[in-house]
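A short write-up of the structure that comes next.
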Amino acid sequence: MAPNPKTMRTGLNSAQRREPAQGLMFFPHQLGIALTLLLLAGCGEKAPPPPIYLGHIAPRTGSQRDVGLGAADAILLAVETIRATEGQVLDRPIAVVHPDSQGNPDAVESEAVRLATVGHVVGLIGGYEPESAERLARIAQQYKLPVITPTWLPTQTLGHFTFSLGAPPADRGKLLADFAVKTLAAKRLAILTDSRRADAIAATTAFRGAAGKQVVAFAEEFASDDRLKELIQQALAVEPDLLLFAGTSADLDRVRRQLRQAKLPEQTPLLFAGADTPELSALVDAAADPFIYWTTLFVADGSQPPAQEFARRYEQRFGQPPLPASAQSHDAVLLFAEAIRRAKSGQGDKVREELAGFQDFQGLTGPIRWEKNQAVGRPLHVVHRKDRQQAVVRGAGDGDKR
């Protein structure tokens, strides 16, 4: 096979890296042959068993490279944890291959097909944004190969073989409503929703139900930039004491700018119902706006000791704090290892059944229990950024922590 500079392996080489790997891509059967030949040519010792392979499809180049590299680093820690605590799974080591999706959904799909057909992986990890996650879900169903994605997907999109570690949007909406009404004591709310996004609609529907109709003074949907601009002016006209926005983090930045330019008081809270992403933290830091709040699955403030210990190890090893997607990818490797162990097999349908049957598996972001729709409800936290540091202001069932 020709050299493939876009692929690396975790578990076979454990050197630190912050750049895309450069080297040869080996699929499991080729690696097994190579190892066998080397050993036969050597001292005649018995060849070690070939690894059990997982595939991690993520951007290692392009604008989303930090997400992919951070997830790969976390996967390395997970593989090392398995080896340190249990050694092997079914008497074989766990290893992970890392093709580069380049942030392109078409590349995600082609790499998934290649790993499913030629790579002989037991499962896939990836899909760090909705379109890529949807492509993986289709491949998973077609090849009966289990996939764990950090992105929330609608039930009808998940299929039988895809499991989501993303926070359900309805859970985000409910927690933000509780925070708005009980902690911030908001009495007059305005809501803007991107109607093109299923997660945005689900989040604001849940928010409105939890907050109560009596406090919602304005709620509209948009499907274009021009319409959003119009709705911002209309929302300002009702003089809200809080605004909830459900859309992309890029749109949130424009909404924030337009609201502040239109003289919305600087201390008026802006609640974001979208997913926690690196872009979100970056734009909030750039804006130096401590009154933007959102939800996250992953915090390392001591409230969840496994998460705090993981964050300590990660930062000590790689020199920077982990992203939420890093924690989710770490969990995915451990979930797969345990499912393979329980299934006593690497067959996709058997591993899938074991994944579906997990009850309270302890992950970095809380206990994992798959629901019938193969999504998972987990503890969420409301956070904001202050002085370029993330601060938790409310968790599920908690009071005000500010």
Residues of the stretch 296-307 that turn out to be surrounded by 15 or more Cβ atoms within 10 Å (Cβ to Cβ) and not in a loop (DSSP other than H, G, I, E, B), as a count: 3
Tally, over the stretch 342-355, of residues that are in contact (Cβ under 8 Å) with a residue 40 or more places away in the chain and under 14 Å from T162 (Cα atoms): 5
Matching residues, the stretch 115-130, being out of contact with any strand residue (DSSP E or B) (no Cβ under 7 Å at 6 or more places or on another chain), surrounded by fewer than 17 Cβ atoms within 10 Å (Cβ to Cβ) and either modelled with pLDDT of 95 or more or under 16 Å from Q347 (Cβ atoms) (or both): T117
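Per-residue answers, yes or no, for (1) assigned to a helix (DSSP H, G or I); (2) over 30 Å from R92 (Cα atoms); (3) in contact with a helix residue (DSSP H, G or I) (Cβ under 7 Å, 6 or more places away or on another chain); (4) not acidic (D, E):
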position	(1), (2), (3), (4)
A116	yes, no, yes, yes
L145	no, no, yes, yes
I148	no, no, yes, yes
T157	yes, yes, yes, yes
F179	yes, yes, no, yes
A186	no, yes, yes, yes
T193	no, yes, yes, yes
R196	no, yes, no, yes
F207	yes, yes, yes, yes
Qualifying residue in the stretch 82-94 (condition: at pLDDT 90 or above and surrounded by 24 or more Cβ atoms within 10 Å (Cβ to Cβ)): yes
Single match in S195, S224 (criterion: of a type in the set (S, T, Y) and either loosely packed, with under 15 Cβ neighbours inside 10 Å or in contact with a Leu (Cβ under 6 Å, 6 or more places away or on another chain) (or both)): S224
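To keep it simple, each residue is scored yes or no on (1) assigned by TED's automatic domain parsing to the domain that holds E315; (2) of a type in the set (D, E, K, R); (3) modelled with pLDDT of 50 or more; (4) under 22 Å from G348 (Cα atoms).
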position	(1), (2), (3), (4)
L35	yes, no, no, no
Y53	yes, no, yes, yes
E80	yes, yes, yes, no
D100	yes, yes, yes, no
Some residue of the stretch 311-325 being farther than 30 Å from V147 by Cβ and touching a residue at least 40 places away in the same chain (Cβ under 8 Å): no
Extreme residue, modelled with the lowest pLDDT, among residues of the stretch 235-249 that are assigned to a helix (DSSP H, G or I) and surrounded by 13 or more Cβ atoms within 10 Å (Cβ to Cβ): S249
Counted residues, the stretch 358-385 - those being within 13 Å of G166 (Cα to Cα), assigned to a strand (DSSP E or B) and touching a Pro at 6+ places or on another chain (Cβ under 7 Å): 1
Selection status of G212, touching a residue at least 24 places away in the same chain (Cβ under 8 Å) and more than 18 Å from the chain's Cα centre (by Cα): yes
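Being over 19 Å from E80 (Cβ atoms), touching a Phe, Trp or Tyr at 6+ places or on another chain (Cβ under 7 Å) and in a helix (DSSP H, G or I) narrows it down to one of L355, L283, so name that one.
Only one candidate qualifies: L355.
Does V333 fit the bill of being outside any loop (DSSP other than H, G, I, E, B) and closer than 23 Å to Q308 by Cβ?
So V333 passes the test.
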Selection status of T277, under 29 Å from L165 (Cα atoms), modelled with pLDDT of 90 or more and of a type in the set (S, T, N, Q): no
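Residues checked against (1) more than 22 Å from A71 (Cα to Cα); (2) out of contact with any helix residue (DSSP H, G or I) (no Cβ under 9 Å at 6 or more places or on another chain):
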| site | (1), (2) |
| --- | --- |
| Q328 | no, no |
| A339 | no, no |
| S345 | yes, no |
| I368 | no, no |
| V383 | no, yes |
| R394 | yes, no |
Evaluation of Q389 against (1) surrounded by fewer than 21 Cβ atoms within 10 Å (Cβ to Cβ); (2) over 20 Å from I292 (Cα atoms); (3) not assigned by TED's automatic domain parsing to the domain that holds A116 (one fails), failing number: (2)
Flag for V376 being modelled with pLDDT under 85 and either surrounded by 17 or more Cβ atoms within 10 Å (Cβ to Cβ) or more than 30 Å from A180 (Cβ to Cβ) (or both): yes
Options A343, A337; residue that is in contact with a strand residue (DSSP E or B) (Cβ under 6 Å, 6 or more places away or on another chain) and crowded, with 17+ Cβ neighbours inside 10 Å: A337
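The values are calculated or read from the model by the stated rules, or taken from the named source; none is laboratory data. Computed from a prediction, not measured in an experiment: that's the story for all the values here. In this analysis, Cβ positions are derived from the backbone assuming ideal geometry, glycine residues included, and neighbour counts consider all displayed protein chains.
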